[in-house]
Amino acid sequence: MLAPSILFNIGSFPVTNTLITTLVIDLIIVAFVVAFNVSMSLYPKGIQNILEVVYEYFYNSTKDVSNKVKVIYPWVITFFLFIVIANLLGQFPGFESIRFITSSGENVPLFRTATSDLNVTIAFAVISIFMCHFYSIKYTGIKSYISRFITFKMFPIFMFVGFLEFIGEFTKVISLSCRLFGNLFAGESVMSTVSGMCAFGLPLPFMCLELMVAVIQAIVFAMLTMAFMSIMIEKH
C-alpha cells in the first residue's frame, strides 16, 4: 500500500505509522549524539572510529567541491544520518510485525520505514532545494540569483537556457524524492512478498541487497544535496 496507515487522529491531524517511525528516529539520533558526546575520547575506538570515518568522508567531499563547507556540510551529514538510520531501521527483523488496532478496528503495522512514505521523501527534497536557493540568494546576491534564470545576454539562447534551469529546479524535487521513495518502497514490497513465501533462508540475499541499497540511497541523497548547494552558491 502506497499510503501510510493512519493510527489515530489528534484533532484533525492524522498520526501515521511513518510519523511514529520518524519520531523514533529523532529520539535515536538525539540519544546517540548525547551518548557519543559523553563517551568521546581523544583515542577513538569502536563506534567512534566508524563515525569519524563517516564524518571525515563527507566533510572532505564537501571541502573538495565548495569553499562554503561550514554552510553545506551540516545539511549533508544531517540528511545522510537521518536517511541511513531510517532505511536501516526498516530492515530489522520484525520491524513491521508489531501491530496496532485503530479506532475503526483495522489491524495495521505500528511502524513502517519512514522513507517508504512519499510525503517524507518529498519533504526532504523540498527542504534540500529550498535551502539551495536560500543560500544562493544569501551568498551571491539577488541580482546574480535572478540572472541564473532570466538574462538577455545572447538573446534568446540564454533566455531559453534560463527557462530550462527554472524547470530543472522542480525536476530536482521530483528526482530526489521519487528516487529515494521508489527504491525503499520497492525493496519493502519485495521483502514482504519473499518473506511471505518463505520465512527462512530465501529472504537473506534480498535482505543483504536491501542493506546495501539503504546505505547507497542515503549517500546519493546527501551527495546530490552537496552538489546542488555548491552549484547554487557559486556566482558562475
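Here are some notes:
- Top-ranked residue in the range 89-104 [being free of Cβ contacts under 8 Å to residues at least 24 places away in the same chain and over 28 Å from Val213 (Cα atoms); ranked as farthest from the chain's Cα centre (by Cα)]: Ser104
- The residues of the range 127-138 that are within 11 Å of the chain's Cα centre (by Cα) and either closer than 13 Å to Ser175 by Cα or of a type in the set (Asp, Glu) (or both) amount to a single one, Ser128.
- Which numbered condition Ile231 fails, given (1) part of a helix (DSSP H, G or I); (2) of a type outside the set (D, E, K, R); (3) surrounded by 15 or more Cβ atoms within 10 Å (Cβ to Cβ): (3)
- Qualifying residue in the range 194-204 (condition: out of contact with any Cys (no Cβ under 6 Å at 6 or more places or on another chain), β-branched (Val, Ile, Thr) and modelled with pLDDT of 75 or more): no
- Single match in Leu7, Leu51, Leu27 (criterion: under 22 Å from Ser116 (Cβ atoms) and in contact (Cβ under 8 Å) with a residue 12 or more places away in the chain): Leu7
- Breaking point among (1) within 21 Å of Met223 (Cα to Cα); (2) in contact (Cβ under 8 Å) with a residue 60 or more places away in the chain, for Lys172: (2)
- Residues (among the β-branched types (Val, Ile, Thr) and modelled with pLDDT under 75) located in the range 150-167: Thr151
- Any hit, the range 160-180, residues being over 25 Å from Tyr73 (Cβ atoms), assigned to a helix (DSSP H, G or I) and small (Gly, Ala, Ser): yes
- When each of Tyr73, Tyr59 is tested for being in contact with a Ser or Thr (Cβ under 8 Å, 6 or more places away or on another chain), closer than 14 Å to Ala222 by Cα and not small (Gly, Ala, Ser), the lone residue that passes is Tyr73.
- In the range 113-132, the count of residues that are out of contact with any Gly (no Cβ under 7 Å at 6 or more places or on another chain), free of Cβ contacts under 8 Å to residues at least 24 places away in the same chain and under 23 Å from Met207 (Cα atoms) is zero.
The values are calculated or read from the model by the stated rules, or taken from the named source; none is laboratory data. In this text the structure is predicted, and so the values were computed from the model without any measurement. We place every Cβ from the backbone using ideal geometry, glycine too, and count neighbours over all the protein chains shown.
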